[in-house]
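Below you'll find the structure, written out as structure tokens, and then a few comments.
The values are calculated or read from the model by the stated rules, or taken from the named source; none is laboratory data. Quantities reported herein were computed from a predicted structural model and do not represent experimental measurements. Don't worry about glycine lacking a Cβ; one is built from the backbone with ideal geometry, like all the others, and counts go over all protein chains shown.
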Amino acid sequence: MPPIIAGRPRRKVRFPAAASANPPPQQKIISTPLATAPHQQRSQQRPQQKRPGETQPSSPRPKGKSSGMASQDEPRPGIPALFTQPPLIRDPLVTETTDLQDATLEKCLPFLKGLHTSQKGPFNACGVPALQRDDHVAYLYDSLEDYPAGFVAMDASRPWMVYWALAGLTLLGEDPTRFRERVLGTLRPMQNPTGGFGGGHGQISHLAGSYAAVLALALVGGEDSFALIDRQAMWRWLGRLKQADGGFSVTEGGEEDVRGAYCAATIISLLDLPLTLPPDAEKARAVGLETLTDGLAEYLSRCQSFEGGISGSPGVEAHGAYAFCALACLSILGPPEETIPRHMNVPLLLSWLSARQYAPEGGFSGRTNKLVDGCYSHWVGGCWPLLQSALDGKPQSPGAPQTTVGNLFSREGLDRYILGCCQNPRGGLRDKPGKHADSYHTCYVLTGLSATQHYHYRTDLSPSSSENFASAFSWQSSPVRSDDNVYEKSDCLVAFHPLYVIPHQAAANMRVWCEGQPIAT
Amino acid sequence: MAEGYANDTEWANVTPIELDDGSESGAMPLATIAYPPEYLEATSYLRAVMAANEMSERALKLTKDVISMNPAHYTVWIYRARILFALDKDLVEELNWLNGVSLKYLKNYQIWHHRQVLVSSRTHFPTMPTKEPDFLMEMFAQDSKNYHVWTYRHWLVRHFKLWDSPREIEDVETLIKADVRNNSAWNHRYMLRFGPRDDEPDAGMVNAGKSQSKPEEKGRLPVVDEDLVDEDLKYAQKQILRAPENRSPWWYARGALHAAGRSLGEWEEFVAKFVEGDEVKSSHAVEWLADVYAEAEKTKAVEMLTMLKDKYDPIRKNYWDYRIRMLGQVA
């Protein structure tokens with residue numbers, strides 16, 4: 001990708017080796033050389049002496065199965081064998097799936113053992129490296145700036161770029177509101193008078209882009225941000241996207257899927273849009289639907305597959321990202337202890353969701369027989385608080401519930417994967433070792449980390465005065481205080497609302513403001 | 001289009017709409033891109049023709065130009081589909097062009113929706129375009145688990161009623177033969193065998209999304225072809241024997257038994273062989289036995305779940321503990 005210098009007096013986004021040769025002139029805390037091969041810097045500074053002669057562990061993957069695939073080197077102290085050894089049962093038959101899985105294990109093991117030269121540390125008593133907070137903060141600030149021409153494929157995703165970076169920064173304790181003016185300026189040309197936001201100026205409105213735009217505006221908050229959204233037009237547009245089977249297409253003329261359902265439910269509830277179908281909701285009206293949410297839960301029910309997980313659209317393979325979208329949508333539509341068991345086969349769902357976590361990696365995969373990926377820390381990890389709340393039942397008192405089914409996955413495993421395998425040495429988080437960081441992964445890996453650090457529960461209190469979606473606004477959280485934590489206090493992130501993926505207060509502020517500005521139907 | 005639109009007489013009567021990336025607002029916009037000049041120009045003409053809702057040959061050419069620079073631009077695909085229909089273009093030719101684009105941009109999903117929009121035209125395609133299965137197999141040769149391609153293939157089956165088409169099951173078996181762990185292929189097989197047909201709404205399982213039936217009833221067939229179920233169970237067993245620690249066929253078999261309203265217990269003898277003695281060959285077999293024992297022999301079920309928790313699948317310890325607790329509550 002050729003580096004093209006725009007005529008603008010602004011700083012450029014720095015990118016891993018291939019992408020850009022323009023280092024940013026005014027980085028906050030970047031100490032690593034840019035545009036050089038990864039993994040080469042810092043080897044001298046590393047606070048560990050165990051393996052002086054270590055070479056780059058990017059050895060070719062082994063042919064077939066063998067006991068020799070794991071690095072022979074001793075892991076750091078404090079790391080259980082579960083996270084350093086291949087699984088006990090391994091079939092001899094080699095296929096493409098096992099080749100890829102073995103290669104991934106080979107890549108992850110040095111990181112899981114805390115031995116890879118690129119890991120910065122310091123490592124704690126559990127053998128887990130610290131969160132490189134400053135590096136990630138710098139990476140995300142940087143990701144909001146000017147991209148070189150090679151990133152033209154992002155042209156339809158700019159609302160996402162804004163949301164991912166601001167969400168990540170917020171998790172890391174930064175204040176997103178300082179970006180308010182810039183967010184408003186960026187998003188304003190993307191809104192269409194016919195309702196919704198496109199991926200950029202002159203692009204047709206898309207539910208994904210609109211979701212990202214609405215969340216970005218909620219993050220920066222303030223009346224100007226809320227007032228930017230033409231909610232009347234948004235409501236009418238959503239009516240045109242509503243399909244006869246209860247779901248939503250993502251654009252007019254675009255595909256219908258579970259993403260659309262979740263994005264629509266998020267927008268409707270945060271913006272307090274009328275539930276009544278607007279006049280132009282032709283497809284939905286033709287089959288007798290009366291509201292924007294009619295038939296939506298039933299549509300989601302049809303997306304559960306025989307494996308128990310949830311697919312992007314009915315009949316397709318169960319997938320972690322869609323599972324979150326579906327469960328979060330159901331939990332917006334009503335209390336999860338009602339909506340989830342009414343529409344999902346819960347035992348089957350639990351089994352599938354639980355099977356997404358692998359050892360020794362500790363991270364989640366999105367589908368059966370696929371690889372772990374840091375972004376599922378949120379998509380799969382984010383399903384757990386929702387299911388936990390569904391199993392815990394109706395909240396009994398304003399405080400945390402007395403009894404809880406507890407946490408049903410391995411927090412330790414996920415935290416080890418995130419902190420050990422997903423941190424890019426120069427900032428940003430990634431899918432897995434060997435992959436570049438990007439703001440998508442940075443946002444969702446951090447969201448996943450935050451979710452493991454907090455206990456999410458619902459109360460019978462809601463900042464919203466409305467009956468609609470009262471449950472969605474009744475979530476609270478408290479930090480997990482446990483001797484089992486494998487991260488340090490200094491690695492703790494801000495808590496996010498488990499449905500809206502922004503701070504609780506940011507969601508409440510937007511909702512409450514919108515309730516004060518009812519729109520005419 | 002390297003020579004540009006501004007100097008092209010064909011485009012002389014169009015006033016391009018310049019990109020507003022937010023710079024005009026006074027605040028520096030976020031996540032901007034230093035677009036290549038040719039992209040900036042093409043998209044400014046795109047905005048202009050779209051604003052005028054122009055359905056023309058030159059607009060069609062323009063969409064191709066923009067796609068060649070950024071196939072992730074969803075708007076241009078939707079616009080292109082509308083023009084193709086408005087001008088009554090040859091859609092087979094369009095499909096042929098799409099094949100190349102799809103192979104070049106394997107991760108792109110806009111292409112697949114576009115393809116679906118075209119092929120869904122009954123006027124143009126009363127039956128499935130004959131080369132579709134071959135092309136899809138070509139795609140699977142690049143990435144046998146490509147989610148968008150499988151989504152499209154699922155749609156194709158529903159649209160052209162291909163559940164019993166020999167080619168569908170053949171391709172699934174070819175892919176499972178090549179990689180028995182291809183869960184996407186297993187999912188497709190389930191849909192062919194047990195998925196709802198055209199008298200029911202599209203769903204991952206029959207009986208889904210109905211107020212009168214419980215979620216636990218999802219997937220249960222009203223009428224069962226026992227021979228077909230037996231054949232499928234035999235197929236699953238054969239695949240399990242190739243690689244017993246592969247989750248896909250185990251859960252496929254559970255789905256098949258559930259569809260037929262049959263019990264996991266009928267596999268007890270087959271499954272027990274993987275859990276004999278000290279050498280357990282499949283954690284899925286252990287879990288299967290736990291479910292079989294849960295009916296009447298809770299102690300043995302707890303024993304199985306404890307094996308999973310302590311030895312064969314310890315990363316899921318909390319889940320196995322939960323399962324053990326649930327057994328206690330039922331007892």
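Details
- Out of A:Ala472, A:Ala507, sole residue that is touching a Phe, Trp or Tyr at 6+ places or on another chain (Cβ under 6 Å) and either part of a loop (DSSP other than H, G, I, E, B) or crowded, with 19+ Cβ neighbours inside 10 Å (or both): A:Ala507
- Total residues in segment B:15-43, condition of a type outside the set (A, V, I, L, M, F, W, C), more than 8 Å from every other protein chain (Cβ to nearest Cβ) and either touching a residue at least 40 places away in the same chain (Cβ under 8 Å) or more than 22 Å from A:Leu184 (Cα to Cα) (or both): 5
- Exclusive hit being within 13 Å of chain A (Cβ to nearest Cβ), touching a residue at least 24 places away in the same chain (Cβ under 8 Å) and either not hydrophobic (A, V, I, L, M, F, W, C) or not in a helix (DSSP H, G or I) (or both), set B:Arg58, B:Arg115: B:Arg115
- Residue check, B:His148 modelled with pLDDT of 95 or more, closer than 29 Å to A:Asn369 by Cα and crowded, with 17+ Cβ neighbours inside 10 Å: yes
- Filter pass, A:Asp91 being within 22 Å of A:Gln357 (Cα to Cα), without any contact (Cβ under 8 Å) to a residue 40 or more places away in the chain and in a helix (DSSP H, G or I): no
- Members of segment B:295-321 that are small (Gly, Ala, Ser) and at pLDDT 95 or above: B:Ala301
- When segment A:476-496 is filtered for residues that are in contact (Cβ under 8 Å) with a residue 24 or more places away in the chain, assigned to a loop (DSSP other than H, G, I, E, B) and farther than 16 Å from A:Thr170 by Cα, the ones remaining, listed by number, are A:Val480, A:Asp484, A:Asn485, A:Val486, A:Tyr487, A:Glu488.
- If only residues of segment A:497-521 that are among the small types (Gly, Ala, Ser) and free of Cβ contacts under 8 Å to residues at least 60 places away in the same chain are counted, the one that is nearest to A:Ala213 (Cα to Cα) is A:Ala508.
- Segment A:145-173 - residue that is more than 18 Å from the chain's Cα centre (by Cα) and among the charged types (D, E, K, R) and, of those, farthest from the other protein chains (Cβ to nearest Cβ): A:Glu145
- Taken over segment B:293-309, residues that are among the charged types (D, E, K, R), outside any helix (DSSP H, G or I) and either in contact with a Gly (Cβ under 6 Å, 6 or more places away or on another chain) or without any contact (Cβ under 8 Å) to a residue 24 or more places away in the chain (or both) amount to 1.
- Single condition A:Gly427 does not satisfy, out of (1) part of a loop (DSSP other than H, G, I, E, B); (2) surrounded by fewer than 24 Cβ atoms within 10 Å (Cβ to Cβ): (2)
- Condition check for A:Lys435: surrounded by fewer than 24 Cβ atoms within 10 Å (Cβ to Cβ), away from chain B (no Cβ under 14 Å) and in a loop (DSSP other than H, G, I, E, B): no
- Residue count for segment A:290-300, restricted to those that are closer than 11 Å to A:Gly247 by Cα and either polar (S, T, N, Q) or without any contact (Cβ under 8 Å) to a residue 40 or more places away in the chain (or both): 1.
- Residue that is nearest to the other protein chains (Cβ to nearest Cβ), among those in segment A:88-107 that are closer than 30 Å to A:Pro122 by Cα and surrounded by 18 or more Cβ atoms within 10 Å (Cβ to Cβ): A:Gln101
- At least 2 residues being within 17 Å of the chain's Cα centre (by Cα) and in contact (Cβ under 8 Å) with a residue 12 or more places away in the chain is the threshold, and among the helices (runs of 4 or more DSSP H) wholly inside segment A:324-413 those reaching it are A:376-379, A:383-392.
- Identification of helices (runs of 4 or more DSSP H) wholly contained in segment B:139-255 with 1 or more residues that are β-branched (Val, Ile, Thr), facing chain A (nearest Cβ under 8 Å) and closer than 30 Å to B:Leu106 by Cα yields B:147-160.
- Any chance A:Leu429 is more than 10 Å from chain B (Cβ to nearest Cβ), farther than 20 Å from A:His319 by Cβ and in contact with a Cys (Cβ under 6 Å, 6 or more places away or on another chain): yes
- Of all residues in segment A:121-144, one or more are closer than 30 Å to A:Pro498 by Cα, modelled with pLDDT under 95, within 26 Å of the chain's Cα centre (by Cα) and not hydrophobic (A, V, I, L, M, F, W, C).
- Among residues of segment B:93-112 being within 12 Å of chain A (Cβ to nearest Cβ) and part of a helix (DSSP H, G or I), the one that is farthest from B:Leu136 (Cα to Cα) is B:Gln110.
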